[in-house]
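Enquirer: Can you keep this structure in mind? I'll have questions shortly.
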Ligand SMILES: Cc1ncc(COP(=O)(O)O)c(C=O)c1O
């Protein structure tokens, strides 16, 4: 890590040393299967419920409403498919938004192909879902509304409590993909009026390959993974005890440090935004100016390719990300940036910086300087850059 400036915490976070230490015990001395009756197995079993309590506390849930999964994608799949399969008697219509993570969008699309109904709501130019659109989209056969808490690319935070209230009044289950907010922003399942919520360990300084789904008591959701009786017979498979212990520890630490982290990271983010906007003309902040994750900065630069910027940043030891995903050789524009109304060419000129625990003020100064040099250099070579475009 030495010499690296890591500014891609929305992609993943490093495992904190405190988390690693607790996990190591369950990868060495206490390696037993939590289903085994002898003491070694029971040592593993005993570690699961305290971790569940810590996760529950972080999101304002009861421990019995928290189920461990393999991560955010599985939780999203479980919430959506599990509801779809459980509620066939009521209907098959799903409502979601155009800027959801693919774990939600592709799952909904798959169910549509299997005969479901699907409404994909638009967002405004800040990436906001209009609660009135949600209300108007509800039909007698609607069984689930799935709207993310904060967007992973542009950081926009949705009016979740309001959408949840609409869902509740209509008697429709409400799922929230909170993978980007849990551990980074206050999450309270009651205040949000949600029935189902997804979270992921590796976004909050826990390990990869572990996550959780919150399921409000009484919510009808079918299990997707059948086999053993783990997770109170709701999700089969030998428990990932080191992962679960790690997620629990990460949740505990995140809860204790949440306010300070928000304050620190938003100050760094605001400083970088100011420096970039001052130094680089024709730049444009993507996402909501205030209702956004405190560590997220997504910014577009006219006339340059985000990928070209990233390669140059990488040479300087800076890890950032683009708003556009490169899939198997073809440059697909980001569905999120398209949904907020950016033109095709603008979507390619965006860079996302997401701050975290390792970042300090000196990083901001360095990154701002490198960015100014990089964008200027790329614009000199750009056949498409027209000053004053944004
Ligand atoms: C909003 C959102 N949902 C779901 C996921 C998937 O989580 P996981 O990587 O744990 O499968 C991610 C990860 O990038 C995400 O940002």
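Enquirer: Give me the percent of Cα-Cα pairs in the stretch 133-264 that sit more than 17 Å apart, rounded to a whole number.
Expert: Across the stretch 133-264, Cα pairs with separations above 17 Å total 64 percent.
Enquirer: Moving on to the next point. Give me the Kirkwood hydrodynamic radius of the stretch 41-106, using the inverse of the mean 1/r over all pairs of distinct Cα atoms, in Å to one decimal. Walk me through the intermediate numbers first.
Expert: Numbers: mean 1/r = 0.0704 Å⁻¹.
Result for the stretch 41-106 stands at 14.2 Å.
Enquirer: Let me ask you something else. Sort 94-101, 128-135 by the packing proxy (mean of other Cβ within 10 Å over each peptide's residues), most packed first.
Expert: On the way: 94-101: 25.0, 128-135: 18.5.
Put in order of decreasing packing, that is 94-101, 128-135.
Enquirer: Using a Förster radius of 30 Å, what is the FRET efficiency between residue 169 and residue 141 based on their Cβ-Cβ separation? Nearest 0.05, please. If you can, show how the numbers build up before the last one.
Expert: On the way: r = 17 Å, r/R0 = 0.57.
Efficiency for this residue pair is about 0.95.
Enquirer: Using Cα-Cα distances under 8 Å and only pairs 6 or more residues apart, what relative contact order does the stretch 23-159 have, in percent? All intermediate terms of the calculation are to be shown ahead of the outcome.
Expert: Working: 166 pairs, mean separation 26.4, N = 137.
About 19 percent, as a whole number.
Enquirer: Turning to a different aspect of this structure: At q = 0.18 Å⁻¹, what is the base-10 log of I(q)/I(0) for the stretch 1-138 according to the Debye formula with one equal point scatterer per Cα and no solvent? Please give it to two decimals.
Expert: -1.15
Enquirer: Does anyone have the angle between helix 241-279 and the longest principal axis of the chain? Alpha-carbon axes, 0 to 90°, nearest 10?
Expert: Orientation of helix 241-279: about 20 degrees from the principal axis.
Enquirer: Taking only DSSP H segments of four or more residues, each worth -39500 (n - 2.57), what value at 222 nm results for the chain once the sum is divided by all its residues, to the nearest 500 deg cm²/dmol?
Expert: That comes out to -13000 deg cm²/dmol.
Enquirer: Report the paramagnetic label zone for residue 18: residues of the stretch 234-251 whose backbone N is under 19 Å from a point 7 Å from Cα along the Cα-to-Cβ axis.
Expert: Output list for this probe position: 242-251.
Enquirer: Give the percent of DSSP beta bridges with both residues in the chain that are antiparallel, rounded to the nearest 5. Don't jump to the answer; show the numbers that get you there.
Expert: Details: 24 of 43 bridges.
So the antiparallel bridges amount to about 55 percent of the total.
Enquirer: Now for a separate question. With viscosity set to 1.002 mPa s at 20 °C, what whole-number translational diffusion coefficient in µm²/s follows for the chain from Stokes-Einstein and a Kirkwood radius over Cα pairs? Intermediate values should be presented prior to the final figure.
Expert: On the way: Rh = 21.8 Å.
Translational diffusion coefficient: 98 µm²/s.
Enquirer: If you don't mind, another one. Specify the angular offset, from 0 to 90 degrees and rounded to the nearest 10, of the alpha carbon long axis of helix 102-113 from the longest principal axis of the alpha carbons in the chain.
Expert: Once rounded, one gets 70 degrees.
Enquirer: So what is the relative contact order for the chain, in percent, with contacts set as C-alpha pairs under 8 Å and at least six apart?
Expert: In percent, rounded to a whole number, it is 22.
Enquirer: In degrees from 0 to 90, rounded to the nearest 10, what is the angle of the helix 160-170 Cα long axis to the longest principal axis of the chain?
Expert: 50
Enquirer: Of the DSSP beta bridges with both residues in the stretch 147-290, give the percent that are antiparallel, rounding to the nearest 5. Show your work: numbers first, answer last.
Expert: Numbers: 6 of 10 bridges.
Percent antiparallel among DSSP bridges in the stretch 147-290 is about 60.
Enquirer: Same structure again: If you take every DSSP beta bridge whose two residues both sit in the stretch 62-215, what share of them, in percent to the nearest 5, is antiparallel?
Expert: On the way: 10 of 26 bridges.
Antiparallel bridges make up about 40 percent of those DSSP assigns within the stretch 62-215.
Enquirer: Please list log₁₀ I(q)/I(0) at q = 0.12, 0.16, 0.20 Å⁻¹ for the stretch 178-324, using the Debye equation with identical point scatterers on the alpha-carbon positions.
Expert: -0.70, -1.03, -1.29
Enquirer: While we're on this one: How big is the Kirkwood radius of the stretch 110-199, worked out from every pair of different alpha carbons and given in Å to one decimal? Before the final figure, lay out the partial values.
Expert: On the way: mean 1/r = 0.0739 Å⁻¹.
So the Kirkwood estimate lands at 13.5 Å.
We did not get these values from a lab; they are worked out from the coordinates using the rules stated. Treat the numbers as computed from the prediction; the structure is a model and nothing was measured. Positions of Cβ are backbone-derived with ideal geometry, glycine not excepted, and every protein chain shown enters the neighbour counts.
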